[in-house]
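Undergrad: Quick one: this structure, given as structure tokens, is what I'll be asking you about.
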Amino acid sequence: MFHLILFLFFGAICVGGAVNLLAQSHPINSALSLIVVMGSLAAEYLLLGAEFLAAIQVIVYAGAIMVLFLITIMLLNAGKEERTKGSRVAILIGVPGVLIGGVLVTWTLLHRSDMPSVPIGALKGDPSDIARLLFHQFLLPFEVTSVLILIAIMGAVVLASRPEAIARRHYGDEAPEETRELVASGKDH
Amino acid sequence: MSITTFIIISIIKSAAVVGVLLTAVAYSVWLERKVSAHIQNRWGPTRVGPFGLLQPLADGVKFIFKEDLTQPHVYKPLYIAAPIIAVVFAITSISVIPFGNWVELGRLGGTYLQITDVNIGLLVVLGITSMGVYGVALAGWSSNNKYSLLGGLRASAQMVSYEVSLGLSLVGVVIMAGSLSLRTIVDAQAGVFWGFIPRWNIFHGQTLGFFIYLISAYAETNRTPFDLPEAESELVAGYHTEYSAMKFAMFFMAEYANMVTVACLATLMFLGGWHGPIAGPPILEDIEPVLWFCLKVFFFMFLYVWVRWTLPRFRYDQLMAFSWKVLLPLAIANIVYTALVVALRA
């Protein structure tokens with residue numbers, strides 16, 4: 001009973017944070033609302049019994065990724081966004097659309113889905129259980145995802161390294177204009 | 001144990017631990033001032049109480065009575081929230097730290113000397129400390145001051161970078177113990193080699209991991225030689241330039257509470273926690289493990305102060321390069337080596 005109350009409480013905080021994320025006009029406040037959403041999702045995982053997932057959610061999303069969001073906002077010094085009047089079409093079609101979509105998804109999940117419902121606290125979230133799933137049943141997707149992330153890292157490094165800096169490192173300060181262009185086009189080797 | 005006794009015991013334990021932690025924070029400041037003074041051939045605080053022992057109380061009173069300035073150009077909601085965030089996360093992380101064995105309480109049953117024992121205790125500590133960076137980052141941003149902003153940016157970049165090597169340096173210990181529970185990790189370090197060398201992880205193949213952890217921990221708590229976020233010669237005081245009175249004291253408390261937590265974690269992971277020689281009557285056998293634990297934590301706190309007054313500050317590019325190009329590869333090598341040894345022995 002107590003767990004159910006807590007579950008509903010954190011669910012409400014999660015939805016509230018998500019709505020606040022959209023309603024705030026300052027990027028910093030929106031980012032902080034997103035942290036609240038992540039944190040309350042972690043609490044929901046914890047209440048369901050998946051404590052490892054909850055800890056990872058906090059460490060990776062709330063503790064690392066959102067810090068990078070925050071650094072970006074602080075570096076760009078993004079100010080308040082300007083309010084527009086909003087469009088009447090969006091309100092007339094969008095709000096009923098969201099409501100109908102939400103009701104449909106809920107109804108399908110409740111009545112037309114094969115997935116069994118899990119009582120609170122009954123999920124098996126032990127680190128060893130998750131490790132067994134990841135390294136036996138889902139080994140291939142797990143490894144493919146890590147390769148995908150590696151490729152993304154390499155892409156980011158290539159995009160972030162400036163050609164002028166590379167030319168200066170290789171040819172000194174007096175690198176002629178042609179050499180720089182050559183380095184920029186990647187034909188210097 | 002009934003639910004009422006459980007709640008009462010939990011409340012008593014929490015109050016005691018937080019009380020001890022806050023006292024430890026106050027007296028680490030005294031220790032820092034005293035040790036730094038003696039390193040520089042001065043006396044340090046001597047006026048208030050014997051050996052200046054009441055100086056932390058006097059400082060606390062002074063912080064309360066100082067004028068609490070709020071500059072007109074700050075972004076108020078976050079300016080006020082930032083020190084609270086910093087201090088709350090710094091104090092919360094002590095909640096899963098075990099500092100002793102099971103104690104019998106007669107008719108009430110018994111309890112572990114730990115606020116709560118969770119099977120992912122290590123991850124909880126890492127998660128909570130990783131949230132602490134928001135206090136510093138938001139303080140820097142909301143102060144609306146270029147020095148504060150630079151301090152906040154430096155702090156968040158530095159803490160995110162060093163968190164990686166800090167977390168990876170602990171993986172070796174986790175592989176050896178086969179658990180994320182801090183109590184199991186400590187229990188795995190009981191006993192001795194060849195009759196006299198304790199079976200602590202630092203003597204048991206994790207020496208490299210220990211030094212990586214130690215260095216990353218200094219950076220994670222923004223202490224010299226990694227105190228770039230508040231480098232006074234370049235940034236005035238970094239992220240807390242605009243703070244005064246109790247709000248400043250909260251950042252101060254958060255820094256020292258983080259130091260205590262990091263020292264506790266080092267003790268648990270590498271120095272065998274509360275294990276040590278035990279002698280004497282049964283009543284002492286309950287207390288001695290806690291004393292061993294406190295002694296080891298005190299050693300780390302002293303080391304912190306010693307290092308601060310010995311080493312000069314890093315340059316910012318050196319700091320980042322050191323994390324990503326030296327500590328991270330070493331930590332990964334440590335994991336691979338430990339995993340290989342454990343796998344071959346199994």
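Undergrad: When the stretch B:265-315 is examined, which residues are found to be of a type in the set (Ser, Thr, Tyr) and either surrounded by 15 or more Cβ atoms within 10 Å (Cβ to Cβ) or within 17 Å of the chain's Cα centre (by Cα) (or both)?
TA: B:Thr267, B:Tyr304
Undergrad: For the stretch B:267-284, which positions are of a type in the set (Phe, Trp, Tyr) and not in a helix (DSSP H, G or I)?
TA: Passing the criteria: only B:Trp274.
Undergrad: Exactly one of (1) touching a helix residue (DSSP H, G or I) at 6+ places or on another chain (Cβ under 8 Å); (2) free of Cβ contacts under 8 Å to residues at least 24 places away in the same chain; (3) under 22 Å from B:Met159 (Cβ atoms) is unmet by A:Leu34. Its number?
TA: Among (1) touching a helix residue (DSSP H, G or I) at 6+ places or on another chain (Cβ under 8 Å); (2) free of Cβ contacts under 8 Å to residues at least 24 places away in the same chain; (3) under 22 Å from B:Met159 (Cβ atoms), the lone unmet condition for A:Leu34 is (2).
Undergrad: Out of the residues in the stretch A:48-61 meeting the condition of being part of a helix (DSSP H, G or I) and at pLDDT below 85, tell me which one is farthest from the other protein chains (Cβ to nearest Cβ).
TA: A:Leu48
Undergrad: Can A:Ile35 be described as within 11 Å of chain B (Cβ to nearest Cβ), in a helix (DSSP H, G or I), under 20 Å from the mean Cα position of the chain (by Cα) and within 30 Å of A:Ser128 (Cα to Cα)?
TA: yes
Yes/no matrix, rows are residues, columns are (1) closer than 21 Å to B:Met269 by Cβ; (2) not in a helix (DSSP H, G or I):
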residue	(1), (2)
B:Ala81	no, no
B:Pro98	yes, yes
B:Val125	yes, no
B:Trp141	no, no
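Undergrad: For B:Ala331, which of the numbered conditions (1) closer than 26 Å to B:Leu31 by Cβ; (2) assigned to a helix (DSSP H, G or I); (3) modelled with pLDDT of 85 or more fails to hold?
TA: Going through the list (1) closer than 26 Å to B:Leu31 by Cβ; (2) assigned to a helix (DSSP H, G or I); (3) modelled with pLDDT of 85 or more, B:Ala331 breaks only (1).
Undergrad: Find all pairs meeting these conditions: Cβ atoms under 9 angstrom apart; at least six residues apart or on different chains; first residue within the stretch B:127-140 and under 16 Å from A:Phe69 (Cα atoms) and at the interface with another protein chain (Cβ under 8 Å from one of its Cβ atoms); second residue surrounded by fewer than 24 Cβ atoms within 10 Å (Cβ to Cβ) and of a type in the set (D, E, K, R).
TA: Filtered contacts from the stretch B:127-140: B:Ser130/B:Glu163; B:Val133/B:Glu163.
Undergrad: Right, here's the next one. Would you be able to say whether some residue in the stretch B:237-254 is touching a Ser or Thr at 6+ places or on another chain (Cβ under 6 Å) and aliphatic (A, V, I, L, M)?
TA: no
Undergrad: Give B:Ile175, B:Ile212, B:Ile185 a once-over and let me know the one that is touching a residue at least 24 places away in the same chain (Cβ under 8 Å) and either more than 14 Å from every other protein chain (Cβ to nearest Cβ) or not in a helix (DSSP H, G or I) (or both).
TA: Within the list B:Ile175, B:Ile212, B:Ile185, the selection yields B:Ile212.
Undergrad: Right, next: Going residue by residue through the stretch A:67-75, is there one that turns out to be touching a residue at least 40 places away in the same chain (Cβ under 8 Å), surrounded by fewer than 20 Cβ atoms within 10 Å (Cβ to Cβ) and within 11 Å of chain B (Cβ to nearest Cβ)?
TA: Checking the stretch A:67-75: at least one residue is touching a residue at least 40 places away in the same chain (Cβ under 8 Å), surrounded by fewer than 20 Cβ atoms within 10 Å (Cβ to Cβ) and within 11 Å of chain B (Cβ to nearest Cβ).
Undergrad: Identify, by number, the condition in (1) away from every other protein chain (no Cβ under 14 Å); (2) under 19 Å from B:Leu328 (Cβ atoms); (3) of a type outside the set (Val, Ile, Thr) that B:Leu170 doesn't meet.
TA: Failed condition: (1).
Undergrad: Determine whether the stretch B:46-53 contains at least one residue that is aromatic (Phe, Trp, Tyr) and closer than 25 Å to B:Met301 by Cβ.
TA: Yes: the stretch B:46-53 contains one or more residues that are aromatic (Phe, Trp, Tyr) and closer than 25 Å to B:Met301 by Cβ.
Undergrad: Can you name the condition, by its number, that B:Asn222 falls short on among (1) surrounded by 20 or more Cβ atoms within 10 Å (Cβ to Cβ); (2) in a helix (DSSP H, G or I); (3) among the polar types (S, T, N, Q)?
TA: So the condition that B:Asn222 fails would be (2).
Undergrad: Scanning the stretch A:76-112 for residues that are within 30 Å of B:Ser148 (Cα to Cα) and surrounded by fewer than 11 Cβ atoms within 10 Å (Cβ to Cβ), which turns out nearest to the other protein chains (Cβ to nearest Cβ)?
TA: Looking at residues that are within 30 Å of B:Ser148 (Cα to Cα) and surrounded by fewer than 11 Cβ atoms within 10 Å (Cβ to Cβ), I get A:Asn77.
Undergrad: From the set of residues in the stretch B:117-126 that are facing chain A (nearest Cβ under 8 Å) and of a type in the set (A, V, I, L, M, F, W, C), which is surrounded by the fewest Cβ atoms within 10 Å (Cβ to Cβ)?
TA: The selected residue is B:Val118.
Undergrad: Oh, and also: Just to be sure before I move on: is B:Asn101 of a type outside the set (Phe, Trp, Tyr), touching a residue at least 12 places away in the same chain (Cβ under 8 Å) and within 14 Å of another protein chain (Cβ to nearest Cβ) in the structure I sent?
TA: no
The values are calculated or read from the model by the stated rules, or taken from the named source; none is laboratory data. Being a predicted model, the structure only gives us computed values, none of them experimental. Note that each Cβ is placed from the backbone with ideal geometry, even for glycine, and that neighbours are counted across all protein chains shown.
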